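What follows is one structure encoded as structure tokens, with my remarks underneath.
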Amino acid sequence: RTSNKTLIKGCYEVHGDKPMNVIKKANLDQMHRVLTSRGIQEQLGLHSVQQISQHFGFYSRSNTAKSYKQYHGCTPSESFESAQ
């Protein structure tokens, strides 16, 4: 069994960040992938920014938009609108 301290230390060594931040960034990356691909949206049956955000565990519009913009440089809506 791994202690919290060991987990956090190992995560910092491998990823340079806290475990929850690594998970959040991974979810933001996956969310970006879906927002920018109409094909994936259709496959998953997700047809709005809100549905896509919630699919990846983001329920607060303002916090989601802030985190997404900070990490990807644009809003989720801008990515959604740019999808082919």
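The values are calculated or read from the model by the stated rules, or taken from the named source; none is laboratory data. Predicted model, so just to flag it, every value in this text is computed and none were measured. Here the Cβ positions follow ideal geometry from the backbone for every residue, glycine too, while neighbour counts run over all protein chains shown. Surface accessibility is based on the protein's heavy atoms, side chains included, excluding ligands, DNA and RNA. Shrake-Rupley method; radii C 1.70, N 1.55, O 1.52, S 1.80 Å.
Quick look at the numbers
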read-out: Subset of region 40-84 [among the hydroxyl-bearing types (Ser, Thr, Tyr) and touching a Lys or Arg at 6+ places or on another chain (Cβ under 6 Å)]; value: Thr75
read-out: Selection from region 67-83 of residues that are more than 11 Å from Leu28 (Cβ to Cβ) and either open to solvent by 40 Å² or more (accessible area, probe 1.4 Å) or not aliphatic (A, V, I, L, M) (or both); value: Gly73, Cys74, Thr75, Ser77, Glu78, Phe80, Glu81, Ser82
read-out: Restricting region 9-63 to residues that are of a type in the set (S, T, N, Q) and assigned to a loop (DSSP other than H, G, I, E, B), the residue that is farthest from Ser82 (Cα to Cα); value: Ser60
read-out: Residues satisfying the stated conditions in region 66-84, i.e. of a type in the set (Ser, Thr, Tyr) and within 13 Å of the chain's Cα centre (by Cα); value: Ser67, Tyr68, Tyr71, Thr75, Ser79
read-out: Filter result for the condition that a residue is among the basic types (Lys, Arg) and touching a Cys at 6+ places or on another chain (Cβ under 9 Å), over Lys24, Lys18; value: Lys18
read-out: First in region 39-53 and under 16 Å from Asn27 (Cβ atoms) and without any contact (Cβ under 8 Å) to a residue 40 or more places away in the chain, second anywhere and part of a helix (DSSP H, G or I) and hydroxyl-bearing (Ser, Thr, Tyr), Cβ under 7 Å, 6 or more apart; value: Val49/Ser77; Ser53/Thr64
read-out: Those residues of region 10-26 which are in contact (Cβ under 8 Å) with a residue 12 or more places away in the chain and buried (at least 17 other Cβ atoms within 10 Å of the Cβ), in sequence order; value: Lys24
